[in-house]
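S.K.: The structure is given below, and queries will be raised subsequently.
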Amino acid sequence: MTKKKSGQIKNENKLGFIVLIISIIICLITVSYSIWSQVYRGKTENTITTGTLVLKLNDKSRELSLLNAIPLSDTKGMSQKEYHFSLQNNGSIDVNYRLSIVDDEDYYKKDQCMNKRLNWNYIRYAFKKEDSSPVIEDLSKNLGQLDEEVIKAGEEIDFTLQLWLNGEMTTSSEMGKHFHGKIKVEAVQID
């Protein structure tokens with residue numbers, strides 16, 4: 001072997017060694033980054049308990065439903081069945097709460113009517129807190145949110161709710177559909 005070829009082989013070995021070291025460093029950086037930036041997603045909902053809120057349903061019927069309903073004017077809708085319930089704060093601190101109507105997914109599944117949901121644009125409601133005048137709106141207007149306030153420690157607030165089909169409903173595509181809902185109470189953190 002000549003000196004020239006021997007020097008050329010050494011340079012190629014050095015170059016190969018440098019490429020190998022750089023490759024290892026890049027791999028280590030990539031693996032380290034992926035380990036430290038891993039995102040984990042939980043499969044359960046996090047729950048924060050603040051105070052003690054108790055929702056009391058005063059009616060024997062525990063479901064909010066519109067079955068075989070016909071469109072009604074607001075005047076006639078206000079004569080429909082009233083759902084009476086109250087919210088009580090049994091805790092020792094004031095609590096910000098939010099009351100909403102949500103779809104009762106379990107009832108839809110049990111009743112096997114997932115494809116017969118009534119569009120919320122056609123559901124009207126009257127919601128009354130204590131002795132105030134009722135608020136009458138489409139359920140879709142506030143995405144089902146009825147009230148958001150502060151309830152003081154030891155306080156109990158009474159509510160009344162009525163549901164009916166909008167009397168101005170002109171589409172027959174919603175006829176034969178129904179609504180199953182439930183009242184949801186959430187403790188809310190306000191900045």
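S.K.: Evaluate E = 1/(1 + (r/R0)^6) for D106 and S79, where r is the Cβ-Cβ distance and R0 equals 35 Å; express this FRET efficiency to the nearest 0.05.
M.R.: Given R0 = 35 Å and the Cβ-Cβ separation, E is 0.70.
S.K.: Given the peptides 146-156, 105-115, 82-92, arrange them by the average over their residues of other C-beta atoms within 10 Å, most packed first.
M.R.: Answer by packing, highest mean first, reads 82-92, 146-156, 105-115.
S.K.: Sticking with this structure for a sec: If each of D131 and Q145 carries a label point 7 Å out from its Cα toward its Cβ, how far apart are those two points in nm?
M.R.: Here the answer is 2.9 nm between the modelled labels.
We did not get these values from a lab; they are worked out from the coordinates using the rules stated. The shown structure was predicted, so the numbers you read here are calculated from the model rather than taken from an experiment. Reconstructed Cβ throughout: ideal geometry from the backbone, glycine too, with neighbour counts over all protein chains shown.
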